[in-house]
Amino acid sequence: MPARWLFADQLGPHFDTRGRRVLLVESRRALTRRVYHRQKLHLILSALRHRAAESDGVTLLQTETYGEALARFGAPVRVYEPTSWAADDFVHRLREAGTVEAVDPTPGFTMPKAEFARWAGDRPRVRMDDFYRLQRRRLDLLMEGDQPVGGRWSLDHDNREPPPKGVTTLDVPPPYRPREDDIDAEVRDDLDRWTRDGTVRTVGADGPRLFPVTRREALAALHRFLEHRLGTFGPYEDAMLAGDWAMAHSLLSVPMNLGLLDPLEVAEAAAAEYRAGRGTLSSVEGFVRQVIGWREYIWHNYWHFGRDYRTRNHFRARDPLPAWFADLDADAVEAHCLRDVLQGVRDRGWVHHIPRLMVLGNWGAQRGWDPDALAEWFQTRFVDGYDWVMPVNVVGMSQHADGGAVATKPYVSGGAYINTMSDYCGGCRYDPRHRLGEDACPYTAGYWTFVDRNADRLSGNQRMRQPLLQRERLADLRQVVRQERQRGDSPP
Ligand code: SF4
């Protein structure tokens, strides 16, 4: 029976290897191609090495390239579908050469690619809401017969609470925290050495490791979330507090994207909490929607939209990312929200979806940064970022660079949104109400600059009608635009 070559994001038991030898490969070249967050490389190497140490019949080869490893292994292998266009091309070349005997559908997602392709067919729009309903029905999650439990498919509107007043943290136990071991120490030594000799380039702070790398750790993280945090997750899933980086989020995207948890087991476990009367429907539904809805929607659309999707550029945004942003130099930033969020990326390689969308992505869209470069930044700086994750999230959802294939309007806002949804503005030298002058909030000024710069391209969008009308009434618009031009790409 041919061995199974598992990639570094296919490490859990649902990637079935029964009766087969297992090949894992640690390719040095794959680590050196891009500048990655230090903790991201640590997680991947630690996960691979732990998987190899855990069970017999696993061969871990440390080579310069994947090709060298396969030649050294010397026997044909089967693989599961990989998670990027480049890896898919590589695997199919190996299939033609006979090195890969078969490519099996990936169990890393609940819906097979072929089923999505049949469903999406020639639809002009592949809407998340439609996809999510299909998923709930076909997986029988939170259903009563053919209808959703509670009568509504999405309780998103109940889940947009600002943070509670007068608190600095949510009143929930902290997330699961793994304990590092000898394998982590060895990974740290290797990364230190490779960084010193210049073969690996990283950004961001080193550990301690905050996320699971083994199946045992991943299950512990899941159970801790379900038991202690899920109940508070829903209402505050969009809220931000400067003193609470994790809020009530699960942080499970990391073990899920390493393939340590089966998304179906995660969603079913959350649904079971609701059935047992331990989780409110708004929290459980919000979480289930993230796992079998949005996560799978972006996975399938990564393939559905094709390999050129990430270069779409509806607003012709071409500016490069400035060095302070690319290098996570949070200390150079005074704007409280952006400074805190960039610090979170620097120190942990993770912030939740609203800082990603409304602080980081919003900033990039306002400044006209190249969406593809920004997607690359998110992919390499976030511990849960992969090639399949960021195009639809960043190019589509955050930058609206696909012209509306994914989202009906750009996710761009002024300081008012951040002020409502966080406690950042109180401690900031800027004022979210001001768009002009010394204390003008750069998000508020940036918002109007964005609307003004892209007015023609936004004019056909009904949801942007109001801001476009408002723009015409802004007496100081030209001054705001001039002020933002003078700011250039310096840190705010
Ligand atoms: Fe951010 Fe503006 Fe609020 Fe400062 S005032 S924290 S820059 S939104």
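When you check VAL58 against the structure, is it surrounded by 19 or more Cβ atoms within 10 Å (Cβ to Cβ) and of a type in the set (Val, Ile, Thr), yes or no?
no
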Please determine, by comparing only the residues of region 165-199 that are part of a helix (DSSP H, G or I) and among the β-branched types (Val, Ile, Thr), which one is nearest to the chain's Cα centre (by Cα). VAL187
Do any helices (runs of 4 or more DSSP H) entirely within region 359-462 hold 1 or more residues that are over 19 Å from the mean Cα position of the chain (by Cα), and if so, which? 362-367, 415-421, 442-453, 455-458
What pairs can you find where one residue is in region 33-57 and in contact (Cβ under 8 Å) with a residue 40 or more places away in the chain, the other is of a type in the set (Ser, Thr, Tyr), and their Cβ atoms are less than 6 Å apart, with a gap of 6+ or different chains? ARG34/THR380; TYR36/THR202; TYR36/THR380; ARG38/THR202; HIS50/THR214
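Does region 234-249 contain any residue that is assigned to a helix (DSSP H, G or I), surrounded by 22 or more Cβ atoms within 10 Å (Cβ to Cβ), touching a residue at least 12 places away in the same chain (Cβ under 8 Å) and away from the ligand (no atom under 16 Å from the Cβ)? Show your work before the answer.
Quick first cut of region 234-249, residues assigned to a helix (DSSP H, G or I) only: none.
No - not one qualifying residue is present in region 234-249.
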Filter result for LEU45 (assigned to a strand (DSSP E or B), surrounded by 21 or more Cβ atoms within 10 Å (Cβ to Cβ) and out of contact with any Lys or Arg (no Cβ under 6 Å at 6 or more places or on another chain)): no
Working only within region 82-124, note down all residues that are in contact (Cβ under 8 Å) with a residue 60 or more places away in the chain and part of a loop (DSSP other than H, G, I, E, B). PRO82, THR83, SER84, THR106, PRO107, GLY108, PHE109, THR110, MET111
If you scan region 45-75, which residues turn out to be of a type in the set (D, E, K, R) and closer than 14 Å to THR214 by Cβ? ARG49, ARG51, GLU54
Condition (residue is surrounded by fewer than 17 Cβ atoms within 10 Å (Cβ to Cβ) and outside any helix (DSSP H, G or I)) applied to region 330-347: is it met by at least one residue? yes
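On the basis of being within 9 Å of the ligand (Cβ to nearest atom), of a type in the set (Phe, Trp, Tyr) and buried (at least 16 other Cβ atoms within 10 Å of the Cβ), does TYR417 make the cut?
Taking the combined requirement at face value, the residue satisfies it.
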Which residue pairs have Cβ atoms closer than 8 Å, lie 6 or more positions apart in sequence or on different chains, and pair a first residue in region 427-453 that is among the aliphatic types (A, V, I, L, M) with a second residue that is near the ligand (Cβ under 7 Å from one of its atoms)? ALA440/TYR430; ALA440/ASP431
Name the single residue, out of those in region 305-329 being in a helix (DSSP H, G or I) and away from the ligand (no atom under 16 Å from the Cβ), that is nearest to the chain's Cα centre (by Cα). ARG310
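Return yes when ALA475 is surrounded by fewer than 22 Cβ atoms within 10 Å (Cβ to Cβ), near the ligand (Cβ under 9 Å from one of its atoms) and small (Gly, Ala, Ser) and no when it is not.
No: the conditions fail for ALA475.
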Any idea which of (1) near the ligand (Cβ under 8 Å from one of its atoms); (2) crowded, with 19+ Cβ neighbours inside 10 Å is the one ARG429 doesn't satisfy? (2)
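Bear in mind that the values in this text are calculations on the coordinates, not laboratory data. In this text, all values refer to a predicted model and were calculated from it rather than measured experimentally. In this analysis, Cβ positions are derived from the backbone assuming ideal geometry, glycine residues included, and neighbour counts consider all displayed protein chains.
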